[in-house]
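Contents: one structure, followed by commentary.
The values are calculated or read from the model by the stated rules, or taken from the named source; none is laboratory data. None of these values were measured; they are calculated from a predicted model. When we count neighbours, we look across all protein chains shown, and the Cβ atoms used for this are built from the backbone with ideal geometry, even at glycine. Just the protein is used for accessible areas: all its heavy atoms, side chains included, with ligands, DNA and RNA removed. Shrake-Rupley method; radii C 1.70, N 1.55, O 1.52, S 1.80 Å.
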Amino acid sequence: MTKHSNRSKQRRGGRTALVLLTLAALAALFIHWSNSSLQTEHFSPSLQDLPGGFDGCRIVVLGDLHSTFFGENNKRLFETVQAQEPEYIFLVGDLLDAFRDIPQGYAAQTAAGLAAIAPTYYVTGNHEWAAGNVPELKKTLEAQGVTVLSNQSVTLERGGDAIVLAGIDDPNGYADQKSPESVAAEVYAAQGNRFWMLLAHRNDHFPEQYSLLGADLVISGHGHGGLVRLPFTDGLVSTDRTFFPSYTAGLYEENGSMLFVTRGLGNTGPTFRLFNRPEVAVLILRKA
């Protein structure tokens, strides 16, 4: 009776161990899929002052790649972006990661692949400045056809209308760089009250600073979707390691300005995503 009881316990223990190992393997596969499987999301901001010529304009927004590859040499990323038929591509910072090895030629490969699809515009994030050698990075991107917006603006034309696209360097940049307020003042001095968009990496600067600049639409990254997406929250943990952040994904409005934040694509250092797959965001501008 004792031997039989011991055998039964051993069999139960073996089955329990097998179940636990299976669950652990499934959890590991799910986490890997959550961090490597691209998700395309579409957003249609309704903008009161958008010129009619830009109604329906398709823009792919990419952020926070953090030196990550999706497929060999980012082939899956390029194919996913191209399938969306963008008219413009906006790279909103943290292309590189300060806490991971940066693959040789990563910036040039990524820039060339995106610029071959559509006109591509880029602003720095905090990680580029932390990694160092930003002037050389900007030259590399520009050599591959990417327009780097360093506290400056350009005019975009479509359907007989024109709008302004401005971009600011991350606050981690040079101490004497132009302030966002100065860039906004230059836009108004040169363009008057024309519709304008602002590329600015830091999502969390929107409510108290960027929303007050007068831009019709601010486009940001940095928030990583709150890393872990839970029901009825805007993410669990901010990139600054605070709980239940806001302005981490999607569309928001403050002070008469609209914000779009992409959940981004990569991770920094030891972080990972959960219920928050890497995002290729597609903005389809709509005139209200």
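List of remarks:
- On Cα atoms only, tilt of 134-143 relative to the major axis of the chain in degrees: 80 degrees
- From its DSSP helices (H runs of at least four residues, each -39,500 (n - 2.57)), the chain gives a residue-normalised ellipticity at 222 nm of -9000 deg cm²/dmol.
- Rounded to whole Hz, the Karplus (6.51, -1.76, 1.60) HN-Hα couplings of the stretch 235-242, x for glycine and proline: x, 8, 9, 7, 5, 9, 6, 9
- Here is the list for the stretch 90-145: chymotrypsin sites (Phe, Trp or Tyr not before Pro) lying in DSSP coil, each with at most 15 other C-beta atoms within 10 angstrom of its C-beta, are Phe99.
- By the Cα gyration tensor, the stretch 82-199 has an equivalent ellipsoid whose semi-axes, rounded to whole angstrom, run 25, 20, 10 from largest to smallest.
- The accessible surface of the chain, taken with every protein chain in place and a 1.4 Å probe, is 54 percent carbon and sulfur.
- Calculated P(r) of the stretch 165-206 - Cα pairs past 13 Å, %: 55 percent
- Per-residue extension of 0.36 nm, minus the Cα-Cα distance of Glu254 and Ala162, leaves a gain of 30.7 nm for this segment.
- Within the stretch 225-288, chymotrypsin sites (Phe, Trp or Tyr not before Pro) in DSSP loop having at most 11 other beta-carbon neighbours inside 10 Å: Phe232
- Distance between the 7 Å Cα→Cβ label points at Glu142 and Ala83: 3.5 nm.
- Taking every alpha-carbon pair under 8 Å whose residues sit at least 6 apart, the chain reaches a relative contact order of 26 percent.
- Rolling a 1.4 Å probe across the protein heavy atoms gives the stretch 111-202 an accessible surface of 41 Å² per residue.
- Rounded to 10°, Cα long-axis angle of helix 180-191 versus longest principal axis of the chain: 40 degrees
- The alpha carbon convex hull volume per residue for the chain rounds to 160 Å³.
- If the chain linking Phe272 and Glu72 were pulled fully straight, counting 0.36 nm for each residue of separation and taking away their Cα-Cα distance, it would gain 69.9 nm.
- A P(r) calculated from all alpha carbon pairs of the stretch 200-288, with 5 Å bins opening at zero, reads 3, 15, 26, 24, 17, 10, 4, 1, 0 percent.
- Projected label distance in nm at Thr233 and Val154, using a 7 Å step from Cα toward the beta-carbon: 3.9 nm
- Principal-axis tilt of helix 2-36 within the chain, Cα atoms, nearest 10 degrees: 10 degrees
- Gln177-Arg241 FRET efficiency (beta carbon distance; Förster radius 30 Å; 0.05 resolution): 0.70
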